[in-house]
1. When you scan region 68-80, do you find a residue that is at pLDDT below 65 and either in a helix (DSSP H, G or I) or open to solvent by less than 80 Å² (accessible area, probe 1.4 Å) (or both), even just one?
2. Among the numbered criteria (1) in a strand (DSSP E or B); (2) among the aliphatic types (A, V, I, L, M); (3) in contact (Cβ under 8 Å) with a residue 40 or more places away in the chain, which single criterion is violated by ALA65?
3. State all residues of region 108-120 that are more than 28 Å from GLY60 (Cα to Cα) and not acidic (Asp, Glu); if no residue qualifies, say none.
4. Scan region 131-155 for residues that are closer than 19 Å to MET62 by Cα and surrounded by 14 or more Cβ atoms within 10 Å (Cβ to Cβ) and report the count.
5. Considering every residue within region 137-144, establish whether at least one is out of contact with any Gly (no Cβ under 7 Å at 6 or more places or on another chain), part of a strand (DSSP E or B) and closer than 29 Å to GLY169 by Cα.
6. Out of everything in region 117-130 that is more than 16 Å from the chain's Cα centre (by Cα) and of a type in the set (S, T, N, Q), what residue ends up being surrounded by the most Cβ atoms within 10 Å (Cβ to Cβ)?
7. TYR145 fails exactly one of the following numbered conditions: (1) at pLDDT 90 or above; (2) of a type in the set (Phe, Trp, Tyr); (3) touching a helix residue (DSSP H, G or I) at 6+ places or on another chain (Cβ under 9 Å). What is the number of that condition?
8. Output yes when any residue across region 86-107 is assigned to a helix (DSSP H, G or I), open to solvent by 30 Å² or more (accessible area, probe 1.4 Å) and either under 13 Å from TRP148 (Cβ atoms) or modelled with pLDDT of 85 or more (or both), and no when none is.
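The values are calculated or read from the model by the stated rules, or taken from the named source; none is laboratory data. Being a predicted model, the structure only gives us computed values, none of them experimental. Cβ: placed from backbone, ideal geometry, glycine included. Neighbour counts: every protein chain shown. The accessibility values were calculated without ligands, DNA or RNA, using every heavy atom of the protein model including side chains. Shrake-Rupley method; radii C 1.70, N 1.55, O 1.52, S 1.80 Å.
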Amino acid sequence: MSGRASSRGSRRRSFARARRGFALPVALLLVVLLTILAASSLAFVGAEQQSAGTQMAQVGAMAVARSGMERYLADRAALGTAVTAPAAAESARVVFDGGYADVLVSRVRDASVAGGQNVYLIRSHGVKTDSASGRILAERTVAQYARWQDATMSVLAAWTSYTGISKPGALGVIDGD
């Protein structure tokens, strides 16, 4: 029996000796794993912020493009050039805070050749820029077709005058019909 007890005691001692240096490697492994997790989560958050910033810039560029198209059409009407049909090709740059839009108008169908009305393609290329550095952040292009209609109005009325008719400006024509 004593032989058996001595073999058990020697096994316990060898097991205790092998276990004594186990805590330090496990602690180091946990510290390395936690460091890797923290670094990867910070990288993920940074990439997410950059992605959100890019999406915001794209939305801003789309807004600049749409606003540029609307501003061009409104300014054309305000300048009085809306009375005449646009040329075969026109362009303008509309400047905003934080960006600009290049508006291009090109005639797709000519009324004198095809009959009917003039049809135009209006394209607006919006560019969103960084207001501090002027660096381009995003670009978007929008387009739409537009049909030109002459400003005619059939008026069923009569006008009589002993002294004649005096009409200032070039808008409209008064004839005897």
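1. So far as region 68-80 goes, yes, one or more of its residues are at pLDDT below 65 and either in a helix (DSSP H, G or I) or open to solvent by less than 80 Å² (accessible area, probe 1.4 Å) (or both).
2. (1)
3. Within region 108-120, VAL108, ARG109, ALA111, SER112, VAL113, ALA114, GLY115, GLY116, GLN117, ASN118, VAL119 meet the criteria.
4. 6
5. no
6. Restricting to residues being more than 16 Å from the chain's Cα centre (by Cα) and of a type in the set (S, T, N, Q), the top hit is ASN118.
7. With (1) at pLDDT 90 or above; (2) of a type in the set (Phe, Trp, Tyr); (3) touching a helix residue (DSSP H, G or I) at 6+ places or on another chain (Cβ under 9 Å) applied to TYR145, the lone miss is (3).
8. no
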